[in-house]
Every structure is written in C-alpha cells, then in structure tokens.
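A quick write-up on the structure given underneath.
Rule-based calculations on the coordinates, nothing more; no lab input. Please read all numbers here as calculations on a predicted model, not as lab measurements. Using ideal geometry, Cβ is built from the backbone for each residue, glycine included, and neighbour counts are taken over all protein chains shown.
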Amino acid sequence: MHGGYGVFLGLDVGKDGHHAVGLAPDGKRLHDAALPNTEAKLRAWFGKLGRYGTVLVVVDQPASIGALPVAVARACGHQVAYLPGLAMRRIADLHPGTAKTDARDAFAIADAARTLPHTLRRVDSGDEALAELEVLVGYDDDLAGEVTRVSNRIRGLLTQIHPALERVLGPKVQHPAVLEVLSRCGGPAGLRAAGRAKLVEIVKPRAPRMGARLVDQTLAALDEQTVVVPGTAAAEKVLPRLAESLRDLLRQRDQVAAEVEGMLDDHPLAGVLTSMPGIGVRTAARILLDVGDGTAFPTSGHLAAYAGLAPVTRRSGSSIRGEHPPKGGNKQLKRAFFLSAFASLAHPPSRAYYDRKRAEGKKHNAALICLARRRIDVLHAMLRTQTPYQPKLADEPRQAA
C-alpha cells in the first residue's frame, strides 16, 4: 500500500452494520460512529471522508459480511486493505482496556493502518473470478467436512456392531464399490443374505481389479463373528441411508471440482501452480485465494510464516534451545501445502528430500512439514516470475527411470 493517505478508515464489519473509525495521519479522530450496511449510507460516508484526502479503507473481513463495504469503497475510488485476525488481536492488546467492543476494534484497525502498514494485506482488486472461486471453494470445504462426518459415522456404526467387518470396509468406505454394497445390502445380515455371487455382481463393475478379493475379505470377516450385538437391526436400516448420503456428497464434490477447474482454466496463474507436482485443482484454488500472485510476500520466508510452516526458534538461557513448529498461521493454507507435499512423494526429487529428512531422525509428519517448507521456496519463485515448474537437469534421469 502506498503512502499519502488523508484518512485511515477502520471498519469492524457486522451483519446489519459496521462500526467505523477514521483517523487523520496525526491520529486525530475524523469519524467514530456506526455505519449501516447499505450502499447509499456507505457511499455518503466515504464521500464525506474523501474531503480530507485519499481514504484507505481497512476491514477485518474482506469477504462474507465485509464484501459490500469493500465493493462500495472501490466503486468510490478508495483503496482497500485487510488486517488479519491474528494481527488484529495482538495489536488490540497494545491499546489500554480489556473491553471487547466494535468501537475499540475499529479504532485498533484504523490505528494499525496508520502506524503499522506492514501488518496489512492487500485485497485483490475487483477480481470477479476469484470472488466466484472463493464461494465454490468455501462450499467444497463444507462438503469435505460433511464427507468426513458421514464417513466416521459409518465406520463408527460398523465398529459398534461388527468390528471385523469395519476393518475390511472401513478404510475403503468412500470407494464406489463399498458404498454400493452398503446402500443395497446394509449391514452384516444383509451381506450374508446376499451371498457371494450377488456381492461379486455388485462389486465387480465398480472395482474390477480388487472386487473378488474385497468380497472374499468381507465374507471372511462375517464368519469371524456369530453373536448379534444390540442395535444391529437399527444399523441395518441406517447404513444404506448413510451410504447414499455419502455417495451424494462425493458426487457433489466432483461437480464442484469440475466447476473450480473450469474457473482455474481462465486464470493466468493456474497453469503455473498445477505444473508443480502434488498441486491439484483444489490446492491451486486455495493458494490463489490466500496467496494470489505472491507479491504480498517479499520472500518465501514471509509466505512460509503466513502459512504456519516456518519453524520458530525458542531459546532462553541454557535450558530451552531449539526450533519448533508454529501454532499459528493460515490453517487452511497450511493444510493445503501439507497435503500437496504428501501427494508429491511420488515425485522422485520430493521423495528423495523426504527420505533424507527421515534418515535424519524426523518422524513422518515432521519430514512432510520440512518438504512443504522446501516446496514453498520453489512455489514463491514460480509465482514471482510466473514460470511453470521446471525440474533440475540432474533430476531428469531419475524421473525418466
């Protein structure tokens, strides 16, 4: 954000209205009042404050309930910035008092914009594609949570009534063959009644290679338990419904992924991101939403710190020494980088780096975090130069092999 602002306007956004505090460069309050969440009122106040000079509008939420003031501020010709929640909470502690009010939060936002401009994040200006992408990715995140919940519910029911069967079907509960078996046959009683021939008929079209083996494992698990656990009859009725629900959720996720991929095709950085091994459609969308073109992060270290992947040094005298993983950062971005690092283990150079960290004594998750941090260096350079991933010449023979 450039300097020369006449007004630093902090907005603590809300559903029905916002609290706005406007500060002059010397800290004088120019405005401190509630602001209705309507276009007409927002335009009127932005116009009045514009008499003092260029206005920098800073919000604590640039999307959802903060989307309208951001759009109106841009329409009025003002610049917009975003103060992340963690930074805002820390800055609020610098101000006297322990009260938590909208007015106090709005003042903290405005004062941070005036005195600590490095804490602000840019809000990508008027990118309709990113706005649409954010809605879809948010919906996909909700679907992913529901998929996890329903999967755990199915596995929990199977564990309750027939643990041996859960050990066979549970790890593959999202596979189309398993979902079809559960939706058509239900629990242990329905599977026994169907018999081997029927189960093979159901499974084989959806799992050609592992179908027969899955049926044999299922029948062997059924033979391990003869006692009927209380609640089994009800579970026989519930399991098909849960399987249908899970199948529908997975179908919706596939549809959303296709829509996200269609939007990414129109973004100039999408090809750059997906060229890197381990980064798929969903990960690329998350990176675009949270990182953009990377210009907000001067170095890869800044990006790693924002994602919560930069190790934190802790030293105090001679008793506390070492580096530890941080507890903060952007959780969604951290998860995206972590999962992409895991997916890249099929890539020889990434696998070699991971194996080297394991040989140093690091556990699986710690080695993946090291790999994710290493990949951020490459990703930041790719975004900065808008260049697709290019393997080193020394890596090409190993990839060919």
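Some points to look at:
- Using C-alpha pairs under 8 Å with a sequence gap of at least 6, the mean separation divided by the residue count of segment 7-126 gives a relative contact order of 31 percent.
- Compared with the direct C-alpha span, the chain from Arg335 to Lys237 gains 31.7 nm at full extension, assuming 0.36 nm per residue.
- Set of aspartates and glutamates near Lys28 by C-alpha distance (under 15 Å), chain-local residues within fewer than 8 positions excluded: Asp111
- Checking the cross-link pairs Lys204/Lys357; Lys15/Lys172; Lys15/Lys334; Lys334/Lys362; Lys172/Lys363; Lys204/Lys331 against a 31 Å limit on the alpha carbon distance flags Lys204/Lys357; Lys15/Lys172; Lys204/Lys331 as lying beyond it.
- Exposed-loop-free span, longest in the chain, where GluC sites (Glu not before Pro) count as exposed if DSSP calls them loop and at most 14 other C-beta atoms lie within 10 Å: 1-223
- Spin-label model, Ser64/Gln386: points 7 Å from Cα along the beta carbon direction are separated by 3.3 nm.
- The ranking of Leu133, Leu339 from fewest to most other beta carbons within 10 Å of each one's beta carbon is Leu339, Leu133.
- Residue order, fewest to most surrounding Cβ atoms within 10 angstrom, among His162, His19: His19, His162
- Residues with amide H under 5 Å from that of Ala307, placed H, sequence gap 5 or more: Asn330
- Partner aspartates and glutamates for Lys41 [C-alpha distance under 20 Å; skip if fewer than 8 residues away on the same chain]: Asp12, Asp16, Asp32, Asp60, Asp102
- Helix screen, the chain: DSSP H segments with Cα axial length of 27 Å or more and mean Kyte-Doolittle hydropathy at least -1.0 are 128-161, 232-264, 364-385.
- Here the contact order of the chain, divided by its residue count and restricted to Cα pairs under 8 Å and six or more residues apart, works out to 11 percent.
- Antiparallel %, DSSP beta bridges [both residues in the chain], to 5: 65
- Cβ-based net charge around Ala144, under 11 Å, with every Lys or Arg adding one and every Asp or Glu removing one: 0
- Virtual spin-label span in nm between Ala197 and Glu261, 7 Å along Cα→Cβ: 4.0
- Order of Leu94, Leu49 - criterion: other Cβ atoms within 10 Å of each residue's Cβ, fewest first: Leu94, Leu49
- Contour excess over end-to-end distance, with Cα ends at Arg149 and Lys172 and 0.36 nm allotted per residue: 6.8 nm
- Summarising the amide proton neighbourhood of Ala81: residues at separation of 5 or more, or on other chains, whose placed amide H is nearer than 5 Å comprise Val57, Val58, Val59.
- For segment 47-154: rounded, prolate or oblate by the Cα gyration tensor [a/c cutoff 1.5]: oblate
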